[in-house]
Amino acid sequence: MKSEHRKRGNSGQALIVTALIITLMWMSTVYYVLETEKETVSIISTADFDFSVTKVSTRNTLISALANASNGGDKEALTTDLEKLSSTLHAHSYEAEVDLSFTPLNTTPYQDGMWISWGEEGSGLSSAYVSFAINVSGSAANYYLAYETNVTTALHIDGVCADEGSEKRVNMTCTIYDENGPALAKTISILYQNQTDGSWLSVDQQNNLAIVDFGNGTYGISFLAYSQGPIKVSAQINDLRGIFAMANVTCVQA
């Protein structure tokens, strides 16, 4: 079955809403505690909570925006989403005013906090990088925290092919990483290029597709293809966070 590189939608937008809802739920819980236990909860615990909740919320927002952008959404939505988060945190502050500022990285290869590179040499990545500053002001004390957050999904593929009757057996290795090391895939799609017209053919069970998950971010992939000479293949993945990345490589004769 012929297939072009798939057109990706904006399903990651739902994660943005989820991140904001979780933030409000967490902050509502702590504000209730502060209201009912004002004599035992100090401004320090308020500040500590604001830091931890805000750091989780900013990271979730980056994940959501990168999932959205890498799946075909608007890359500029990262700034919009962070502005919404900042406004939400400020509007729902209690006893301590919470101000969140942010600066998306604009140093090459990043642009407006995003770097999406899907290469022809077996490697591809989707990444977001933003610097944050949280300022918590209360009647008793002020607190400040600056930090940077990076979210990255990357993959590397390589492979060889060998004659098997009238077809070729392609054997590939696909390794997936996130910013913390090896990562797992939610979905993996494999395509190979038709040498006649340059179109991309989707690989499925008709090609005897087999994918072995080694549980450490590495996947062994095997399939049959009708082709002459080296075969150009493409691996397209979504990690468990919904972030998309892809890479192409030419598998030479073993």
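The values are calculated or read from the model by the stated rules, or taken from the named source; none is laboratory data. The structure displayed is predicted, hence computed values, not measured ones. Note that we place each Cβ from the backbone using ideal geometry, even for glycine, and neighbour counts take in every protein chain shown.
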Filter region 117-136 for residues that are within 21 Å of ASN248 (Cβ to Cβ) and either modelled with pLDDT of 90 or more or small (Gly, Ala, Ser) (or both) and give the result. SER117, TRP118, GLY119, GLU121, GLY122, SER123, GLY124, LEU125, SER126, SER127
Inspect all residues belonging to region 210-229 and state whether any of them is under 21 Å from the mean Cα position of the chain (by Cα) and at positive phi. yes
May I ask you to list the residues in region 74-116 that are at pLDDT 95 or above and aromatic (Phe, Trp, Tyr)? PHE102, TYR110, TRP115
More than 30 Å from ASN60 (Cβ to Cβ) and either in contact with a Lys or Arg (Cβ under 8 Å, 6 or more places away or on another chain) or in the same structural domain as ALA96 (by TED's automatic domain parsing) (or both): which single residue out of TYR143, TYR192 fits that description? TYR192
Limited to region 151-193, what total is found for residues that are farther than 15 Å from ILE243 by Cβ, out of contact with any Cys (no Cβ under 8 Å at 6 or more places or on another chain) and aliphatic (A, V, I, L, M)? 3
Might you let me know whether region 178-186 holds any residue that is out of contact with any Pro (no Cβ under 7 Å at 6 or more places or on another chain) and either assigned by TED's automatic domain parsing to the domain that holds ASN71 or hydroxyl-bearing (Ser, Thr, Tyr) (or both)? no
Out of all the residues in region 76-94, is one or more small (Gly, Ala, Ser) and assigned to a strand (DSSP E or B)? no
Which pairs have Cβ atoms under 9 Å, sit 6 or more apart or on different chains, and link a residue in region 208-230 that is of a type in the set (Asp, Glu) to one that is surrounded by 14 or more Cβ atoms within 10 Å (Cβ to Cβ) and assigned to a loop (DSSP other than H, G, I, E, B)? ASP213/LEU184
